[in-house]
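Worksheet for the structure shown next.
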Amino acid sequence: MKGNEAIAEAAIRAGADAYFGYPITPQSEVLEYLMAEKPHERTGMVVLQAESEIAAINMVYGGAACGRKVFTSSSSPGISLKQEGLSYIAGAELPCLVVNVVRGGPGLGTIQPAQSDYFQATRGGGHGDYRVIVLAPYSVQEMADFVGMGFDLAFKYRNPAMILTDGALGQMMEKVLLKEQQPRMTEYPEWATTGKGTDREKNVITSLDLDSAGQEKFNRKIQDKYRQMKEEEVRFEVTECEDAEYLIVAYGTSARICQKSVQLARDKGIKAGLFRPVTLFPFPEKPLREMAEKVKGVLSVEMSAGQMVEDVLLAVNGRIKVGHYGRMGGILPTADEIVEALENKFAKK
Amino acid sequence: MTEEIIIAGFGGQGILSMGKILAYSGIMQEQEVSWMPSYGPEMRGGTANVTVIISDEPISSPIINKFDSAILLNQQSVDKFEKSVKPGGMLFYDGNGISRHPEREDISVYRIDAAEEASKMESSRIFNMIILGGFLKIKPLVKFDNVVKGLAESLPGRHHSLIPLNEKAIRRGMEIVKAVHEV
């Protein structure tokens with residue numbers, strides 16, 4: 001199964017209520033798969049091709065306001081279009097899942113895989129002081145698994161969650177074990193605008209507060225949520241790190257390639273290990289800091305000009321040398337190149 | 001065992017579906033597989049390639065630049081990927097339309113004249129299965145039964161009537177593959 005198809009099938013099985021999207025390479029298979037699969041016949045889930053990305057994210061806003069499990073997907077230029085809606089959804093404290101199958105940028109860029117939307121994803125993306133929970137799968141299996149996890153986190157925090165992946169994982173096929181079908185929700189959260197009788201106060205969903213004091217109070221409240229995420233939701237994985245002298249930090253497709261680089265480096269006698277952030281926000285700051293204290297150097301590898309490396313630098317906080325190696329515009333780094341970069345930066349005297 | 005394979009040629013030659021059938025065949029015998037296409041704006045007539053990895057162990061990087069076997073089905077692919085075969089590895093190609101043949105001495109080279117054979121069998125659509133047959137004769141990575149199961153898995157139901165023809169094409173490929181140079 002392709003990564004994009006795995007996301008679509010996992011969403012049906014997670015009991016999603018609706019998908020709103022607009023096609024763009026390299027993620028069109030999400031919409032195509034859902035249309036072909038006719039989930040309205042399987043679970044009653046709605047699938048709708050909107051007239052634009054902006055319409056799609058605002059349909060998500062509407063669905064989320066009703067307390068439904070809703071999601072959308074797109075690729076970089078389309079995700080940029082969705083940022084206004086995302087900011088409103090975060091401002092209205094609503095849960096939703098957004099999938100970004102990243103392609104090379106800026107602008108329309110290329111249709112090939114990239115990781116150059118890291119800043120946009122982890123810093124909020126739209127206007128205002130908000131964050132999005134960002135999950136970074138590195139296999140088709142995780143593409144499927146993170147859909148359910150994304151929905152759960154989004155509802156736990158009433159905040160958008162994003163799967164940040166790229167064209168390589170979207171287009172790639174691997175074996176995947178899918179979860180059993182979960183039923184769609186029959187009861188909705190107490191904040192949802194589902195229509196009311198006379199038995200309760202009305203629920204208001206808005207991101208507007210003209211009173212600055214009120215708006216600051218609201219900001220403090222959502223900042224508390226982001227702090228709680230940093231305490232409770234950090235996820236990461238380490239490979240060959242017990243005796244590592246050099247640490248490679250990479251996520252998503254880069255992390256897959258770096259697994260091979262670690263083997264190649266070890267064949268050459270360089271003790272390398274891989275630290276893979278699974279959540280990009282919250283970034284695994286503390287575990288990386290602890291790990292970095294035991295090594296001689298850290299190399300951040302990304303398909304970008306160097307974005308995650310800023311979080312690595314913040315985590316390490318000047319204690320040891322941090323380097324960056326990246327390819328841009330849709331070019332994938334090779335495992336050999338990465339070993340060479342590691343040697344050039346650290347291992348060569 | 002880990003086998004890293006690239007299949008490259010023109011769009012429309014059935015490159016991606018051949019890779020898919022190979023990958024599904026691996027799944028049928030409980031192996032780990034990955035199928036990584038170079039997707040692009042090109043469609044029929046453009047270039048297409050796919051990396052397939054079949055392994056007994058979990059696959060680290062699905063994106064690789066050195067291959068155990070290369071199946072190269074046009075001149076551009078031979079020019080581009082001949083150098084990417086690991087020393088001691090294998091290169092398979094179709095002589096049709098090739099003016100500069102593979103030259104490396106440190107790899108085994110096999111020729112499968114599948115385009116010619118497909119026209120004799122009066123179906124250009126089975127070209128890729130003749131190639132697959134030739135490849136599997138030399139490199140029996142997956143059992144014939146599992147390939148047939150893989151075919152059934154990867155072909156949409158409406159095309160299942162074509163499975164016997166595809167089986168025949170695989171068997172024909174096994175007969176016509178010739179060694180050009182062996183190490």
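The values are calculated or read from the model by the stated rules, or taken from the named source; none is laboratory data. This structure is a prediction, so every number in the text was calculated from the model and none was measured. With ideal geometry, Cβ positions are generated from the backbone for all residues, glycine too; neighbour counts draw on all protein chains shown. Each accessible area value is taken on the protein alone, full model and side chains, heavy atoms only, with ligands, DNA and RNA left out. Shrake-Rupley method; radii C 1.70, N 1.55, O 1.52, S 1.80 Å.
Pull up segment A:183-228, narrow it to residues that are within 30 Å of A:Arg42 (Cα to Cα) and open to solvent by 90 Å² or more (accessible area, probe 1.4 Å), then point me to the one that is nearest to the chain's Cα centre (by Cα). Give the steps one after another, and end with the answer.
In the first step, residues of segment A:183-228 are kept if they are within 30 Å of A:Arg42 (Cα to Cα); the result is A:183-196.
Applying the additional criterion that residues be open to solvent by 90 Å² or more (accessible area, probe 1.4 Å) yields A:183, A:186-187, A:190, A:196.
Values: A:Pro183: 25, A:Thr186: 27, A:Glu187: 27, A:Glu190: 27, A:Lys196: 35 Å.
Selected residue: A:Pro183.
Under the condition of being farther than 12 Å from A:Val60 by Cα and in contact with a Gly (Cβ under 7 Å, 6 or more places away or on another chain), which residue from segment A:91-101 is least open to solvent (accessible area, probe 1.4 Å)?
Going through segment A:91-101, the residues farther than 12 Å from A:Val60 by Cα turn out to be A:91-93, A:99-101.
From what's left, in contact with a Gly (Cβ under 7 Å, 6 or more places away or on another chain): A:91, A:101.
Numbers: A:Gly91: 17, A:Val101: 0 Å².
Across segment A:91-101, the extreme among qualifying residues is A:Val101.
Having 1 or more residues that are of a type in the set (A, V, I, L, M) and under 30 Å from B:Ser25 (Cβ atoms) is the bar; report the strands (runs of 3 or more DSSP E) wholly within segment A:1-107 that clear it. Spell out how you get there, then give the answer.
Numbers: elements: A:18-21, A:46-49, A:70-74, A:96-102.
By residue number, A:96-102.
Among the residues of segment B:24-47, is any aliphatic (A, V, I, L, M), assigned to a loop (DSSP other than H, G, I, E, B), more than 8 Å from chain A (Cβ to nearest Cβ) and free of Cβ contacts under 8 Å to residues at least 60 places away in the same chain? If you could, list the steps in order and put the result at the bottom.
As a first pass, look at segment B:24-47 and keep what is aliphatic (A, V, I, L, M): B:27-28, B:33, B:36, B:43.
Filter again for assigned to a loop (DSSP other than H, G, I, E, B), leaving B:43.
When the remaining residues are screened for being more than 8 Å from chain A (Cβ to nearest Cβ), the result is B:43.
Next, only the ones that are free of Cβ contacts under 8 Å to residues at least 60 places away in the same chain stay: B:43.
So far as segment B:24-47 goes, yes, one or more of its residues are aliphatic (A, V, I, L, M), assigned to a loop (DSSP other than H, G, I, E, B), more than 8 Å from chain A (Cβ to nearest Cβ) and free of Cβ contacts under 8 Å to residues at least 60 places away in the same chain.
Just to be sure, is A:Gly306 at pLDDT 95 or above, part of a loop (DSSP other than H, G, I, E, B), on the phi > 0 side of the Ramachandran plot and over 17 Å from the mean Cα position of the chain (by Cα)? Steps first, please.
Values: at pLDDT 95 or above: yes; part of a loop (DSSP other than H, G, I, E, B): yes; on the phi > 0 side of the Ramachandran plot: yes; over 17 Å from the mean Cα position of the chain (by Cα): yes.
Yes; evaluated as a whole, the condition is true for this residue.
When segment A:172-181 is examined, which residues are found to be in contact with a Ser or Thr (Cβ under 9 Å, 6 or more places away or on another chain) and either open to solvent by 90 Å² or more (accessible area, probe 1.4 Å) or within 14 Å of another protein chain (Cβ to nearest Cβ) (or both)? It would help to see each step written out before you state the result.
Quick first cut of segment A:172-181, residues in contact with a Ser or Thr (Cβ under 9 Å, 6 or more places away or on another chain) only: A:172-176, A:181.
Scanning segment A:172-181 gives A:Met172, A:Met173, A:Glu174, A:Lys175, A:Val176.
If you scan segment B:58-92, which residues turn out to be among the β-branched types (Val, Ile, Thr), more than 14 Å from every other protein chain (Cβ to nearest Cβ) and either open to solvent by 10 Å² or more (accessible area, probe 1.4 Å) or within 26 Å of A:Lys175 (Cβ to Cβ) (or both)? Can you show your working first?
Filtering segment B:58-92 down to residues among the β-branched types (Val, Ile, Thr) leaves B:59, B:63-64, B:71, B:78, B:85.
Filter once more, keeping what is more than 14 Å from every other protein chain (Cβ to nearest Cβ): B:71, B:78, B:85.
B:Ile71 - this is the single residue of segment B:58-92 that is among the β-branched types (Val, Ile, Thr), more than 14 Å from every other protein chain (Cβ to nearest Cβ) and either open to solvent by 10 Å² or more (accessible area, probe 1.4 Å) or within 26 Å of A:Lys175 (Cβ to Cβ) (or both).
Among (1) of a type in the set (A, V, I, L, M, F, W, C); (2) out of contact with any Leu (no Cβ under 9 Å at 6 or more places or on another chain); (3) surrounded by 15 or more Cβ atoms within 10 Å (Cβ to Cβ), which single condition is A:Cys258 missing?
(2)
Could you tell me whether any residue of segment A:242-252 is of a type outside the set (Asp, Glu), at pLDDT 95 or above, within 19 Å of A:Ala154 (Cβ to Cβ) and more than 20 Å from the chain's Cα centre (by Cα)? Step through it out loud before you land on a result.
Of all residues in segment A:242-252, those of a type outside the set (Asp, Glu) come to A:244, A:246-252.
Subsequent filtering for residues that are at pLDDT 95 or above retains A:244, A:246-252.
From the residues that got through so far, the ones that are within 19 Å of A:Ala154 (Cβ to Cβ) too are none.
No, every residue in segment A:242-252 fails to be of a type outside the set (Asp, Glu), at pLDDT 95 or above, within 19 Å of A:Ala154 (Cβ to Cβ) and more than 20 Å from the chain's Cα centre (by Cα).
Scan segment A:235-251 for residues that are surrounded by 18 or more Cβ atoms within 10 Å (Cβ to Cβ) and touching a Ser or Thr at 6+ places or on another chain (Cβ under 6 Å) and jot them down.
The answer is A:Val249, and nothing else.
Can you name the residue in segment A:133-148 that is within 29 Å of B:Ile64 (Cβ to Cβ) and more than 14 Å from every other protein chain (Cβ to nearest Cβ) and, of all such residues, is surrounded by the most Cβ atoms within 10 Å (Cβ to Cβ)? Talk me through it step by step, then tell me what you get.
The initial filter retains those residues of segment A:133-148 that are within 29 Å of B:Ile64 (Cβ to Cβ), namely A:134-147.
Within this subset, residues satisfying the condition of being more than 14 Å from every other protein chain (Cβ to nearest Cβ) are A:134-136, A:144-147.
Values: A:Val134: 27, A:Leu135: 28, A:Ala136: 30, A:Ala144: 25, A:Asp145: 19, A:Phe146: 27, A:Val147: 28.
Among those that are within 29 Å of B:Ile64 (Cβ to Cβ) and more than 14 Å from every other protein chain (Cβ to nearest Cβ), it is A:Ala136.
Hey, could you check segment B:1-22 for residues that are within 12 Å of chain A (Cβ to nearest Cβ) and farther than 15 Å from B:Met129 by Cβ and say which is least open to solvent (accessible area, probe 1.4 Å)?
B:Glu4
So, of the residues in segment A:315-343 that are within 14 Å of chain B (Cβ to nearest Cβ) and not in a loop (DSSP other than H, G, I, E, B), which turns out to be most open to solvent (accessible area, probe 1.4 Å)?
Initially, segment A:315-343 is screened for residues within 14 Å of chain B (Cβ to nearest Cβ), giving A:327, A:329-340.
In the following step, the residues that additionally are not in a loop (DSSP other than H, G, I, E, B) were identified as A:335-340.
Numbers: A:Ala335: 10, A:Asp336: 68, A:Glu337: 45, A:Ile338: 0, A:Val339: 6, A:Glu340: 104 Å².
Only one residue fits best here, namely A:Glu340.
If we scan segment A:115-123, do we find a residue that is small (Gly, Ala, Ser), within 14 Å of chain B (Cβ to nearest Cβ), outside any strand (DSSP E or B) and within 18 Å of the chain's Cα centre (by Cα)?
Within segment A:115-123, not a single residue is small (Gly, Ala, Ser), within 14 Å of chain B (Cβ to nearest Cβ), outside any strand (DSSP E or B) and within 18 Å of the chain's Cα centre (by Cα).
Residues that are under 22 Å from A:Met328 (Cβ atoms) and of a type outside the set (S, T, N, Q): list the strands (runs of 3 or more DSSP E) wholly contained in segment A:232-298 that include at least 1 such residues.
Correct list: A:246-249, A:272-277, A:279-281.
Please find, within segment A:1-31, the residue that is farthest from B:Ser34 (Cα to Cα) out of those that are acidic (Asp, Glu) and within 14 Å of chain B (Cβ to nearest Cβ).
Kept after step one, since they are acidic (Asp, Glu), are these residues of segment A:1-31: A:5, A:9, A:17, A:29.
Narrowing further to those that are within 14 Å of chain B (Cβ to nearest Cβ): A:5, A:29.
Working: A:Glu5: 15, A:Glu29: 18 Å.
It comes out as A:Glu29.
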